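Chemist: Following this message is one structure expressed as structure tokens.
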Amino acid sequence: MEHVKCECGHVNPHGTAFCESCGKPLADLGEKLILDMRYEGSARRSQTYKKTMIDQIWAFFSSVKVGVALIVITLIASAIGTIFPQQMYIPPNVDPAEYYKQQYGWAGKLYYELGFNNLYGSWWYILLIALIGVSLVICSLDRVVPLYRALKRQGVKRHPRFLERQRLFGVSHVSDLDKTMAVLKERLAARRYHVREEDGHLLAEKGRFSRWGPYVNHIGLIIFLIGAMLRSVPGMYIDRVMWIPEGETKEIPGTNGRYFLKSEKFIFETYEKGKDNEVFNAAIDRVGNGMIAKNYQTNVVLYKRVGPVIPGAKPKLEKVKEYPIRVNEPLEFDHYALYQVDFRLNEPKAMSFQLADKQSGKTFGTVTVDLYDPKESYNLGHGYRVELLSYFPDFEFDEDGNPSTKSRVPNNPAFVFKMYAPDRPKGETSFVAIQQTIEPFGNNKYKMAFAGLQTRNVSGLTVRRDFTLWILGVGGAIFMIGLIQGMYWNHRRIWVQRVNGELWVAAHTNKNWFGLKNELRRLLDGTGVMMPADQLENDKKAGQGGQVHGHGTA
Amino acid sequence: MKKQQRLVMRTAILLVLLAAIGYTIYTNFFTEKTAVAVGSTAPDFVLTDLKGHEHRLSDYRGKGVFLNFWGTWCKPCEREMPYMNELYPIYKKQGVEILAVNVGEPKLSVEKFAERFGLTFPIVIDRQDQVLNAYNVGPLPTTFLIDKNGEVKQIITGTMTKEDIERHLESIKP
């Protein structure tokens, strides 16, 4: 890997397209009229060294083609992931393998088997994103270092062959070279150009920092990815669900037992005619009175546990605050936020029965069974007594035909009562479920008559704590800064040189040639210096001629 | 010399990137989603059993603890209960305790269940889901094998045969 020494004396790294200092083309340019100024002709290192394994891996990730391919693959995969619903959105009580096949036929089956049902959390999707991150880092490093070097080392005096191969180039004959140079220098400085002079030659430059825009942008993206990665670090990101019925106090999951919540009330309101502003009437008529949700609200009390946290022990609670949690108005405390996300109305809480004589209909008292913590024995006085032998909150008959429960939630409560009366001292057994009574041991004299249902509403809350949010914010801000930096500023350079008594002017910009030409026109106006010609346009207004610069975010 | 430097630099950068990816993939896919990991100390708790006795996990230091989370509606739980009951007196003598944590069902249901199977080991009820949260238990049954130092040796989800239970009880003998 020998270095290449230019005739101006500057030593260039192998693979450099034109001398870093004077700009003399080092490689044979052939018929090409205009120099490819991309990366200042510097040698992207990965393209020149391919020795060890490490270098080869480096070269692979350094390729923009590879980067673009990774992005395209990720885009296609992401798009496929939206064809059918993701697994988290299908009903939770069905087998996903069955569900996809049933709902979407063979396509659904294939979808499930290829793992698209859980795409965004799948290992290969995360790996793809990670590879894009690697590509981003290496692509940037591999370009920004040589570019920085080349821009730092550029000489003022350029080789004539560099100048004449710039897109904007012109030769003028002026009477007083020194005077014209002085005027140009002054005008350039007035236009906020940074002007360097060497042996009577000028290099005027402005907006170089816009060249770093894409790399700043990439740094932002990488910070963003790091933020996303940190979500999997324990404690950084908590996203839990909490169901809390009215009147109950529960531990808030994800707080390690330090916080408790009591729900005072769940409120569900709708828009109603006559009660709400008249402007809503049209919409109410269209959808129906009381059909449009207006408010979902849980009135809660937040408690903090004092003393040591021992799960299971009755907590000593200290009231922190009361708060109405509404949609988009979460209860915030200690970096946690509790959001209103779901609800269940009128969930059974307690059931009442009357002990009654089947024939006469006479009743002997009411039994109220708490469906979450039923008592075993209920004394009604005067020798009347009811015992609860068995309780099935979510009743069903199991495979063997025995009564059993599906869950601990009282969706379909059923009871086995034993009723004692003065004339039935041994008791009568009755199986009571909703709309159904079975008397397993023959005809009873007494029955448990349904006398009422107490219900309560249950709130579904999301517990969220996100310490990565600010990292994502910083990453996003840097991303935008880089984008703006690269988009709204141009790196413009103007070379003015004396060559054999002539005045040579060449100019280059990384974008907005129109603006550069306008600026040149004003600069040269009245100086007797010819406006440089646009060689690319003159050259039959042909295509791009290698003037495409990398400003993408790839 | 310069080439050497470059190689070291590139290797270092690639290693850092690889470590970041490896960590992300590992934590997302190869670690238990439970808050309690194998090898960590089992979180202490206090719960009351059906007879009114308090059981504090840390009081069992020096003994192995077979900690079983279950519900009366859960058929796989029901299947392994008789085996646990059968092995309980044998291993109690050898310093291994069985502790069954019911996931907050009515005391009545739990009592009836215990009566039906004649269960003799202590059954505690986690009324407020506090212990369930602390152990981040998902599916039932889930069993934590805790050794005499209070360290979680193994986490088993799903039902076990009698041989399984015997082997597990054996593994946490002090």
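The values are calculated or read from the model by the stated rules, or taken from the named source; none is laboratory data. Worth saying up front: this structure is predicted, and the values here are computed from it rather than measured. Backbone-built Cβ (ideal geometry, glycine too); neighbour counts: all protein chains shown.
Chemist: Only residues that are buried (at least 16 other Cβ atoms within 10 Å of the Cβ), polar (S, T, N, Q) and within 24 Å of A:LEU388 (Cβ to Cβ): list them for segment A:333-362, please.
Modeler: Once the filter is applied, which keeps residues that are buried (at least 16 other Cβ atoms within 10 Å of the Cβ), polar (S, T, N, Q) and within 24 Å of A:LEU388 (Cβ to Cβ), segment A:333-362 yields only A:GLN354.
Chemist: So, one more: Test B:GLN128 against the criterion of being assigned to a loop (DSSP other than H, G, I, E, B), touching a Ser or Thr at 6+ places or on another chain (Cβ under 9 Å) and in the same structural domain as B:LEU99 (by TED's automatic domain parsing), and give yes or no.
Modeler: yes
Chemist: I'm told B:LEU57 meets every condition in (1) in contact with a Phe, Trp or Tyr (Cβ under 6 Å, 6 or more places away or on another chain); (2) farther than 30 Å from A:ALA414 by Cβ; (3) more than 10 Å from chain A (Cβ to nearest Cβ) except one. Can you identify the failing condition by its number?
Modeler: (3)
Chemist: Give the residue that is farthest from B:ARG10 (Cα to Cα), with candidates limited to residues of segment A:134-178 that are away from every other protein chain (no Cβ under 14 Å) and of a type in the set (Gly, Ala, Ser). Break it down stepwise before answering.
Modeler: Restricting attention to segment A:134-178, the residues satisfying the condition of being away from every other protein chain (no Cβ under 14 Å) are A:143, A:147-148, A:150-178.
Pick out the ones that are also of a type in the set (Gly, Ala, Ser) and you get A:150, A:155, A:170, A:172, A:175.
Working: A:ALA150: 21, A:GLY155: 30, A:GLY170: 44, A:SER172: 49, A:SER175: 56 Å.
Among those residues, the one meeting the criterion is A:SER175.
This table checks each residue for (1) at positive phi; (2) assigned by TED's automatic domain parsing to the domain that holds A:GLY81; (3) part of a helix (DSSP H, G or I).
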{"site": "A:TYR112", "(1), (2), (3)": "no, yes, yes"}
{"site": "A:ASN117", "(1), (2), (3)": "no, yes, yes"}
{"site": "A:SER140", "(1), (2), (3)": "no, yes, yes"}
{"site": "A:VAL156", "(1), (2), (3)": "no, no, no"}
{"site": "A:PHE162", "(1), (2), (3)": "no, no, yes"}
{"site": "A:GLN166", "(1), (2), (3)": "no, no, no"}
{"site": "A:GLY170", "(1), (2), (3)": "no, no, no"}
{"site": "A:SER175", "(1), (2), (3)": "no, no, no"}
{"site": "A:ASP178", "(1), (2), (3)": "no, no, yes"}
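Chemist: Considering (1) more than 9 Å from chain A (Cβ to nearest Cβ); (2) modelled with pLDDT under 90, say which one B:PHE66 fails and leave the rest.
Modeler: B:PHE66 satisfies every listed condition except (2).
Chemist: State all residues of segment B:101-133 that are among the small types (Gly, Ala, Ser) and closer than 25 Å to A:ASN411 by Cβ; if no residue qualifies, say none.
Modeler: Answer for segment B:101-133, where residues must be among the small types (Gly, Ala, Ser) and closer than 25 Å to A:ASN411 by Cβ: B:GLY104, B:SER109, B:ALA114.
Chemist: Since A:GLU251 meets every condition but one in (1) touching a Pro at 6+ places or on another chain (Cβ under 9 Å); (2) more than 11 Å from chain B (Cβ to nearest Cβ), which condition does it not meet?
Modeler: Only one criterion is unmet by A:GLU251, namely (2).
Chemist: Can you pull out the residues in segment B:116-174 that are crowded, with 20+ Cβ neighbours inside 10 Å, polar (S, T, N, Q), in contact with an Asp or Glu (Cβ under 6 Å, 6 or more places away or on another chain) and away from every other protein chain (no Cβ under 14 Å)?
Modeler: The answer is none; no residue qualifies.
Chemist: Do you know which residues across segment B:114-143 are closer than 16 Å to A:TYR372 by Cα and in contact (Cβ under 8 Å) with a residue 40 or more places away in the chain?
Modeler: Hits for segment B:114-143 are B:ILE125, B:ASP126.
Chemist: What helices (runs of 4 or more DSSP H), lying completely within segment A:15-90, carry at least 2 residues that are modelled with pLDDT under 80 and over 33 Å from the mean Cα position of the chain (by Cα)?
Modeler: A:45-48
Chemist: Of all residues being facing chain A (nearest Cβ under 8 Å) and within 16 Å of A:ALA313 (Cα to Cα) in segment B:102-115, which is surrounded by the fewest Cβ atoms within 10 Å (Cβ to Cβ)? Just the residue, please.
Modeler: Among residues in segment B:102-115 that are facing chain A (nearest Cβ under 8 Å) and within 16 Å of A:ALA313 (Cα to Cα), the one surrounded by the fewest Cβ atoms within 10 Å (Cβ to Cβ) is B:GLY104.
Chemist: Tell me which residues, restricted to segment A:375-427, are of a type in the set (D, E, K, R), free of Cβ contacts under 8 Å to residues at least 24 places away in the same chain and either within 12 Å of another protein chain (Cβ to nearest Cβ) or surrounded by 19 or more Cβ atoms within 10 Å (Cβ to Cβ) (or both).
Modeler: The first filter runs over segment A:375-427 and keeps only residues of a type in the set (D, E, K, R), leaving A:375-376, A:385, A:387, A:394, A:396, A:398-400, A:406, A:408, A:418, A:423-424, A:426.
This time we only want the ones that are free of Cβ contacts under 8 Å to residues at least 24 places away in the same chain, so: A:375-376, A:394, A:396, A:398-400, A:406, A:408, A:423-424, A:426.
Correct list: A:LYS375, A:GLU376, A:ASP394, A:GLU396, A:ASP398, A:GLU399, A:ASP400, A:LYS406, A:ARG408.
Chemist: Go through A:ARG231, A:ARG258, A:ARG208 for me and flag whichever is away from every other protein chain (no Cβ under 13 Å), touching a residue at least 12 places away in the same chain (Cβ under 8 Å) and basic (Lys, Arg). Break it down into steps so the answer makes sense when it comes.
Modeler: Details: A:ARG231 fails: away from every other protein chain (no Cβ under 13 Å); A:ARG258 fails: away from every other protein chain (no Cβ under 13 Å).
Of the residues listed, the single one that is away from every other protein chain (no Cβ under 13 Å), touching a residue at least 12 places away in the same chain (Cβ under 8 Å) and basic (Lys, Arg) is A:ARG208.
Chemist: Can you name every one of the strands (runs of 3 or more DSSP E) wholly within segment A:431-529 that holds 1 or more residues which are among the acidic types (Asp, Glu) and either in contact (Cβ under 8 Å) with a residue 12 or more places away in the chain or buried (at least 18 other Cβ atoms within 10 Å of the Cβ) (or both)?
Modeler: On the way: elements: A:436-438, A:446-466, A:492-499, A:502-509.
Correct list: A:446-466, A:502-509.
Chemist: What single numbered condition from (1) more than 13 Å from chain A (Cβ to nearest Cβ); (2) in a helix (DSSP H, G or I); (3) not hydroxyl-bearing (Ser, Thr, Tyr) fails to hold for B:GLU78?
Modeler: For B:GLU78, the exception is condition (1).
Chemist: Within segment B:3-13, does at least one residue satisfy the condition of being touching a strand residue (DSSP E or B) at 6+ places or on another chain (Cβ under 6 Å), of a type in the set (A, V, I, L, M, F, W, C) and facing another protein chain (nearest Cβ under 9 Å)?
Modeler: Filtering segment B:3-13 for residues touching a strand residue (DSSP E or B) at 6+ places or on another chain (Cβ under 6 Å) gives none.
No, segment B:3-13 contains no residue that is touching a strand residue (DSSP E or B) at 6+ places or on another chain (Cβ under 6 Å), of a type in the set (A, V, I, L, M, F, W, C) and facing another protein chain (nearest Cβ under 9 Å).
Chemist: Please specify each residue of segment A:363-372 satisfying the condition of being within 11 Å of another protein chain (Cβ to nearest Cβ) and buried (at least 16 other Cβ atoms within 10 Å of the Cβ).
Modeler: A:VAL369, A:LEU371, A:TYR372
Chemist: Check segment A:129-137 and report whether any residue there is of a type outside the set (A, V, I, L, M, F, W, C), at pLDDT 90 or above, surrounded by 14 or more Cβ atoms within 10 Å (Cβ to Cβ) and more than 42 Å from the chain's Cα centre (by Cα).
Modeler: Looking for residues that are of a type outside the set (A, V, I, L, M, F, W, C), at pLDDT 90 or above, surrounded by 14 or more Cβ atoms within 10 Å (Cβ to Cβ) and more than 42 Å from the chain's Cα centre (by Cα), one finds none in segment A:129-137, hence no.
Chemist: If you don't mind, there's one more thing I want to ask. Give segment B:14-29 a look and list any residue that's within 8 Å of chain A (Cβ to nearest Cβ), of a type outside the set (Gly, Ala, Ser) and under 36 Å from the mean Cα position of the chain (by Cα), or say none.
Modeler: B:LEU17, B:ILE21, B:TYR23, B:THR24, B:ILE25, B:THR27, B:ASN28, B:PHE29
Chemist: Okay, moving on. Hey, can you tell me all the residues within segment A:219-275 that are among the acidic types (Asp, Glu) and either modelled with pLDDT of 90 or more or surrounded by fewer than 18 Cβ atoms within 10 Å (Cβ to Cβ) (or both)?
Modeler: Those that are among the acidic types (Asp, Glu) and either modelled with pLDDT of 90 or more or surrounded by fewer than 18 Cβ atoms within 10 Å (Cβ to Cβ) (or both): A:ASP239, A:GLU246, A:GLU248, A:GLU264, A:GLU269, A:GLU272.
Chemist: Right, something else. Report whether or not A:THR429 is among the polar types (S, T, N, Q), assigned by TED's automatic domain parsing to the domain that holds A:THR363 and under 20 Å from A:ALA350 (Cβ atoms). Working first, answer last.
Modeler: Numbers: among the polar types (S, T, N, Q): yes; assigned by TED's automatic domain parsing to the domain that holds A:THR363: yes; under 20 Å from A:ALA350 (Cβ atoms): no.
Here the answer is no, as A:THR429 does not meet what is asked.
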